[in-house]
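Data block below; observations after.
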Amino acid sequence: MNVDAVRTSTSRRRAPLWLWIVLALFVMSVMLAGSLLAWLGSLERIPVNVVIDGTEVWHFDPSGFTTGHWATLAVGITLAAMVAVIAGVSALVIGLVVGLGVPMLVLLLTVAVLCSPLLLLGALGVWLWRRSSSPPASTSAPGATRAANIAG
């Protein structure tokens, strides 16, 4: 057999699934931050003022933002989006576990209580079957071997 003709395949080590999920979540968060920043950048000439009863309460003017402000805003939006998605998925999983798991546990306990006489009979049968299949104890009297060891 020609050794050169045999191709050895090296297994590629793949990244774990959670790493791919976090990476996809990060990319989506960066895309969201980019779209929000582009939207805010288009509002450069439009300052927003909130006036209540003739008193200016809040003022927002994106034209005064420096590069540091935009970078901080991008990082904040990215982190907030990632935390929001993770919290939403966690709440969904907890809701499913509590919503489905607790009723299933109650049903299982109810069935176990209702079938407890049958379960006890089954346990007795298993115990008797295991006891009958165990090797028998020695047929000699328990004290006979000790007496023989002392005398010998």
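The values are calculated or read from the model by the stated rules, or taken from the named source; none is laboratory data. Computed from a prediction, not measured in an experiment: that's the story for all the values here. Note: areas computed on protein heavy atoms with side chains; ligands, DNA, RNA excluded. Shrake-Rupley method; radii C 1.70, N 1.55, O 1.52, S 1.80 Å.
Of note:
- For region 1-124: rounded, prolate or oblate by the Cα gyration tensor [a/c cutoff 1.5]: oblate
- Calculated from backbone phi, Karplus (6.51, -1.76, 1.60) coupling profile of region 60-71 in Hz, x at Gly/Pro: 10, 9, x, 6, x, 6, 8, 5, x, 4, 5, 5
- Annotation: average projected area of region 77-124 is 4.2 square nanometres, based on the convex hull of Cα atoms across all directions.
- The portion of the accessible surface of region 8-94 made up by carbon and sulfur, rounded to a whole percent, is 71 (1.4 Å probe; DNA, RNA and ligands excluded).
- Shape category assigned to region 46-116 from the gyration tensor of Cα positions, a/c cut at 1.5: oblate
- Entry note, region 33-110: relative contact order of 24 percent, from Cα contacts under 8 Å with a spacing of 6+ residues.
- Per residue, the solvent-accessible area of region 47-88 (1.4 Å probe, heavy atoms of protein chains only, all protein chains present) comes to 69 Å².
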